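The values are calculated or read from the model by the stated rules, or taken from the named source; none is laboratory data. Just so it is clear, the model here is predicted, and its values are computed rather than measured. Methodologically, a virtual Cβ is constructed for each residue, glycine included, from the backbone with ideal geometry; neighbour enumeration extends over all protein chains shown.
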Amino acid sequence: MAALKPRHLDTQVVVIGAGPVGLMLAGELRLGGADVIVLEQRDAPTTESRASTLHARTMEILDSRGLLDPIGTPPNEPRGHFGGIPLDLTLPGPYPGQWKVPQTRTEEVLQDWAASLGADIRRGHELRTLSVREDHVETEATGPDGTVRLRARYVVGCDGENSTVRALTGAGFPGEDAGREMLRADVAGIDIPARRFERLEKGLAIAACRDGVTRVMVHAFGSAAEPRTREPAFTEIAAAWKRVTGEDISCGTPLWVNSFGDANRQLDHYRDGRVLFAGDAAHQQMPIGGQALNLGLQDAVNLGWKLALHVARKAPEGLLDSYHTERHAVGQRVLANIKAQAMLLLGGPEVEPIRAVFGELLTEEDVRSHLAGTVSGLDIRYDVGQGEGEHPLTGARLPHTALLTGDGPDTTTALLRAGRGLLLDLSGDQDSGAPARATAAPWADRVTTVTATAPADSPFRAGDRVLVRPDGHIVRAGPGTRGLDTALRRWFGPPTAAGAADTSIDKWRNDMGRLIGRTALITGSSRGMGRAAAIRLAREGALVAVHYTSSKEAADEVVATIEKDGGRAFAVRAELGVPGDVHELFLGLEEGLRERTGSTDLNILVNNAGVMGNVTPEETTPDKFDRLFAVNAKAPFFLIQRAEKNMPNGGRIINISSGLTHCANPNEIAYAMTKGAVEQLARHFAKHLGPRNITVNSVAPGITRNGNPVFDIPEAVEQMAQLSAFGRVGEPEDVADVVAFLASDDARWITGSFVDATGGTLLG
Ligand code: NAP
């Protein structure tokens, strides 16, 4: 059989490993607008329930992404342990304690979420090679359809403690090998008493039964970890269980067997240039009390938005490296506490005195809440550089609080759903909040500003302006706006105008990703040039509202085409040129935007929908004339007027005019008049909106192929082609590319302009 030719793929980030950490990271990257491909060696999601504990902080994070609904209300166990010594994990917050969610379910939910956001998850792909180049990485994987070669700007190893990415890059993994181990099995068909960290004479035994399956864990005091290349046999586990408890479980049916040791390792650097690591690939620890999974998921949430901003070339200096600084320190602390726990847990009678002292200390509330804070992840506080006199919440997570916003009741948690930065203006009224909003306006593509009131018993002070990173950590809090600009720059990069001046070119992908994080409405994009512009803007990273009036199927087809290529879009219907048209369109638009981004910001408006006259001057009736004006000129005016409210500074308005404003066609007099009016929109609105860095331009196509049957007549097409200097009719993509340019930061210095996109037709 002839060898299959390798397929080549390009993306911005390739994630290796579709376990919970890789999937969480993929979703976070997509929220930040980055293209991501996930390669996973396994053909199907795991059926093993390795880690099943979600701690309070992880639950809050999942809630902030809307992921708790599919998980439901899992069993909750407020009692945790520290090295087997009971520890009440209850702390203030919406999810105190430990939540029991099988890893299979966590993975399923994260996979559905990441895929729904456009992550390209490819299973059955084994990573073979990895080369790091100056401006990209190249990977080769073998998959079900042969070899896949992938080029990306960054690679992230989320491939567990035996990480292939680590092996291929030769990253050292300093630390200690396992000295002791626990054997564990899920066994059906046995009936033994439940045991909660029972220390017996010969060892430690744990047994818990759920749904007819008993999970047993056992360690014989004094036994050393076996050097293992495969999982232990069930007979070995049954023998150890018998030795320690005296119970015979060998008649049971093992559903899963596994062992884990107290190895303790951590990478020196979570980032090495274009290669990053998260989860167990970055740190290996004994999976006691579910901390490993929680630590990994939180790595992913810390990294996702930073890497997304970085690949969008909007990240401030040092942001990506702060992933290592912040998460390595957290990892180090967790590893140290797990090591202490392993000593308490697996030590024989010689550790009894220290266990007794610990047990006593844990009755002190300060000690209990200190350890509960560490185990639950609720005490994580990053050094965000605010210094002296900082607000007590600076660096900590945004506490879950009910709020009253202009749109009604809300919560701080729900406001994080879009994975964007958040400026919470707690002045409660638009006027007092105006200076903070104005300060943050140039970051509107990265930070959503919400004016709200918090209840008196909330941890906030009235009038606080709280700047929150997408991972939920507060980087600035306090009244007024002092330090707000600095914090915005430090965490979200340069403001839009300065960011746009960054002309660094991504050598191998210089026409893509310019609109990441932007939203666009293109009227009449179910077909023709609007369709082409929708696809082009989505390819550039924008979330696109595909507007149509008569053909839902056509609009759905455009959305599906965009999504197939990993883009994001949704359809919105409204007939233009009739009373209430703009209102109806914006109802659907805002709902679609809010659902997907958590905000109703609209960065780009393309007024493309239009109807032609195709009627002689004599046959032009007042009704026909009015209809042409209503659709082609009046609707765009009021759409701009309405869009102004949703458009952050730096927005783009592009109106599709026609070459007929500059050459004659007696059958299109009224139509040409409407387009003449459209061109006035650019001139006058450009002046009006210039102070907000919003550009307004007209694009005038010449004869451009659309679905009109005339383009199926070769003679007619040939005749029309003669009008262009290039001897062909325009293709919708010819115009879409011009629209994409005007929508990009590259066109920041063009406004009020008439852009001839007629292919030289107007040269005469
Ligand atoms: P097209 O294929 O005719 O498609 C028109 C689009 O506008 C469709 O999506 C249609 O929605 C929508 N639309 C029409 N009337 C509407 C109304 N009353 N309310 C809401 N939506 C409406 O368009 P095109 O040829 O690509 O032209 C796009 C723009 O370029 C127009 O402004 C046109 O005047 C201008 N233009 C075209 C040419 C050319 O040669 N094609 C040349 C110069 C300028 P449905 O799908 O629901 O019907």
- request: Out of the residues in region 536-557 that are surrounded by fewer than 22 Cβ atoms within 10 Å (Cβ to Cβ) and within 13 Å of the ligand (Cβ to nearest atom), state the one that is nearest to K645 (Cα to Cα).
  value: T549
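Go through the residues of region 109-120 one by one and say whether even a single one is farther than 22 Å from P20 by Cβ and at pLDDT below 95. Show your work before the answer.
Keep residues of region 109-120 that are farther than 22 Å from P20 by Cβ, which gives none.
Checked region 109-120: no residue is farther than 22 Å from P20 by Cβ and at pLDDT below 95.
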task: Could you check, for region 603-610, whether at least one of its residues is within 11 Å of the ligand (Cβ to nearest atom) and polar (S, T, N, Q)?
output: yes
- prompt: Between a first residue in region 643-671 that is touching a residue at least 12 places away in the same chain (Cβ under 8 Å) and within 23 Å of L723 (Cα to Cα) and a second residue that is near the ligand (Cβ under 10 Å from one of its atoms) and aromatic (F, W, Y), which pairs have beta carbons less than 7 Å apart while being 6 or more apart in sequence or on different chains?
  reply: L660/Y671
- request: List the number of the failed condition for P622; all other conditions in (1) without any contact (Cβ under 8 Å) to a residue 12 or more places away in the chain; (2) of a type outside the set (A, V, I, L, M, F, W, C); (3) within 16 Å of the ligand (Cβ to nearest atom) hold.
  value: (3)
query: How many residues does region 44-70 hold that are modelled with pLDDT of 90 or more, not in a helix (DSSP H, G or I) and not hydrophobic (A, V, I, L, M, F, W, C)?
result: 4
task: Could you tell me whether A560 is more than 9 Å from the ligand (Cβ to nearest atom), in a helix (DSSP H, G or I) and either among the small types (G, A, S) or surrounded by 24 or more Cβ atoms within 10 Å (Cβ to Cβ) (or both)?
output: yes
field: For A686: the one exception among (1) of a type in the set (A, V, I, L, M, F, W, C); (2) touching a Ser or Thr at 6+ places or on another chain (Cβ under 8 Å); (3) within 12 Å of the ligand (Cβ to nearest atom)
entry: (3)
- prompt: Got a sec? Which of V357, V330 is outside any strand (DSSP E or B) and exposed (fewer than 14 other Cβ atoms within 10 Å of the Cβ)?
  reply: V357
- prompt: Just to be sure, is A630 surrounded by fewer than 23 Cβ atoms within 10 Å (Cβ to Cβ), modelled with pLDDT of 95 or more and near the ligand (Cβ under 10 Å from one of its atoms)?
  reply: yes
task: Output yes when any residue across region 429-441 is surrounded by fewer than 24 Cβ atoms within 10 Å (Cβ to Cβ), modelled with pLDDT under 90 and touching a Pro at 6+ places or on another chain (Cβ under 8 Å), and no when none is.
output: yes
task: Only residues in region 706-718 that are part of a helix (DSSP H, G or I) count as the first member; pair them with residues that are among the acidic types (D, E) and away from the ligand (no atom under 12 Å from the Cβ), Cβ under 9 angstrom, at least 6 apart or cross-chain, and list the lot.
output: none
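With the structure loaded, tell me whether D734 is within 16 Å of the ligand (Cβ to nearest atom), in a helix (DSSP H, G or I) and farther than 23 Å from T519 by Cβ or whether it fails that test.
So D734 fits the description; yes.
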task: Identify all residues within region 672-707 that are loosely packed, with under 15 Cβ neighbours inside 10 Å and under 19 Å from G530 (Cβ atoms); write none if there are none.
output: G707
- request: Restricting attention to strands (runs of 3 or more DSSP E) lying wholly within region 205-271, give those where 1 or more residues are acidic (D, E).
  value: none
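Which of the residues that make up region 388-409 are in a strand (DSSP E or B) and closer than 22 Å to L378 by Cα? Give the derivation first.
Step one: list which residues in region 388-409 are in a strand (DSSP E or B), which gives 397, 402-405, 408-409.
If the condition is that a residue be in a strand (DSSP E or B) and closer than 22 Å to L378 by Cα, then R397, A402, L403 are the ones that fit.
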